[in-house]
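Asks: Structure below; questions to follow.
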Amino acid sequence: MATLELGDTPLYYTDQGNGPAVIFIHGFPLTSALWQPQVDAFVAAGYRVIVPDLRGFGQTPVGQQTCGSMATYVHDLEALLQHLQLSTAAWVGLSMGGYILLELLAKKQAPATAGVLCFTRAGAESPEGRDKRDALIQRLHAEGPAAVQQSFAELLLAPAHKNQPSWQQRLQQVMGQPATAGMQQALEAMRDRQDSSSWLADIHCPCLVVCGAEDQIMPRQAAQDLAAGLPQGRCQELAGVGHLGNLEAPDVFNQTLLSFLQQAYPPAAKGSA
Ligand code: MLT
């Protein structure tokens, strides 16, 4: 993995292939390993694939931030784009990665040619959701990161996958072993995230919203509302997958994203580096 010095921590990322850049942002409580089924397929399709570990996850240490906010992750990704001297990129964000991506696209903190918002939604956290995040933070301190990971692991996959030992093993690989501080910051950032629905009209690049027919975390309606609020948004549902459709059905997922990107941001596009 390569690193970028952010000031209070190095940011670890992988960077493979040539062509227009596509940056993949993982969700919670996950790492860059989540995107392993996408890397080779997108490189083979003519893209440069960049996959960071967000601060506090995978190999990237949490740094010295004291309170979690989406703006911190947005700032880190903006620094990555500048470090790589990219004039533009397409962005793919999954779940919490989608919350980050909406902020990044709406606030124009990084130039984008296209956005893919997977298994995510717009909007601030509800009062009940905020209480659940607080309860998880308490649990994190009482029982440790593995207990919080486990409570998410039960919801991440479609019912047909979730009780299979091979899938549980796969989940462990993509979740890694985060420190308490990194988990806490992400839970705080999700709890306190701003209401992005009022920003959607300001996101003018083509956007694809992907949802899973069996997602137990993000309802289909949330994806449809998100796509409807985006000036150039469209929603596509994947059958038979839960919250991690990129792992559960990688071929269909890759094909869906690649046919969107080949229109919105074809490999021959200029200005990718
Ligand atoms: C994620 O997958 O990033 C989280 O489940 C998002 C959330 O809890 O809101």
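The values are calculated or read from the model by the stated rules, or taken from the named source; none is laboratory data. Please read these numbers as outputs of a predicted model, since none were measured by experiment. A quick note on method: Cβ atoms are made from the backbone with ideal geometry, for glycine too, and the neighbour counts reach across all protein chains shown. For accessibility, only protein heavy atoms count, side chains too; no ligands or nucleic acids. Shrake-Rupley method; radii C 1.70, N 1.55, O 1.52, S 1.80 Å.
Asks: Which pairs have Cβ atoms under 9 Å, sit 6 or more apart or on different chains, and link a residue in segment 174-199 that is free of Cβ contacts under 8 Å to residues at least 24 places away in the same chain and within 19 Å of residue 101 (Cβ to Cβ) to one that is assigned to a loop (DSSP other than H, G, I, E, B) and open to solvent by 50 Å² or more (accessible area, probe 1.4 Å)?
Replies: Going by the 9 Å Cβ cut-off, there are no qualifying pairs.
Asks: Shifting gears a bit: Filter segment 126-177 down to residues that are of a type in the set (Asp, Glu) and within 14 Å of the ligand (Cβ to nearest atom) and give me whichever is farthest from residue 188 (Cα to Cα).
Replies: 154
Asks: Give 74, 62 a once-over and let me know the one that is closer than 18 Å to residue 5 by Cα, within 16 Å of the ligand (Cβ to nearest atom), surrounded by fewer than 24 Cβ atoms within 10 Å (Cβ to Cβ) and of a type in the set (A, V, I, L, M).
Replies: None of the other options fit; the residue is 74.
Asks: Ok, one more. Just a yes or no: is a residue in segment 168-175 surrounded by fewer than 12 Cβ atoms within 10 Å (Cβ to Cβ), outside any helix (DSSP H, G or I) and modelled with pLDDT under 95?
Replies: no
Asks: Now for a separate question. Does segment 89-125 hold any residues that are polar (S, T, N, Q), away from the ligand (no atom under 11 Å from the Cβ) and in contact (Cβ under 8 Å) with a residue 60 or more places away in the chain, and which are they?
Replies: Of everything in segment 89-125, just one residue is polar (S, T, N, Q), away from the ligand (no atom under 11 Å from the Cβ) and in contact (Cβ under 8 Å) with a residue 60 or more places away in the chain, namely 113.
Asks: So for segment 136-149 (the condition being crowded, with 21+ Cβ neighbours inside 10 Å and under 25 Å from residue 204 (Cβ atoms)), does at least one residue qualify?
Replies: no
Asks: What is the one condition in (1) open to solvent by less than 40 Å² (accessible area, probe 1.4 Å); (2) in contact with a Ser or Thr (Cβ under 7 Å, 6 or more places away or on another chain) that residue 47 does not satisfy?
Replies: With respect to (1) open to solvent by less than 40 Å² (accessible area, probe 1.4 Å); (2) in contact with a Ser or Thr (Cβ under 7 Å, 6 or more places away or on another chain), residue 47 is out only on (2).
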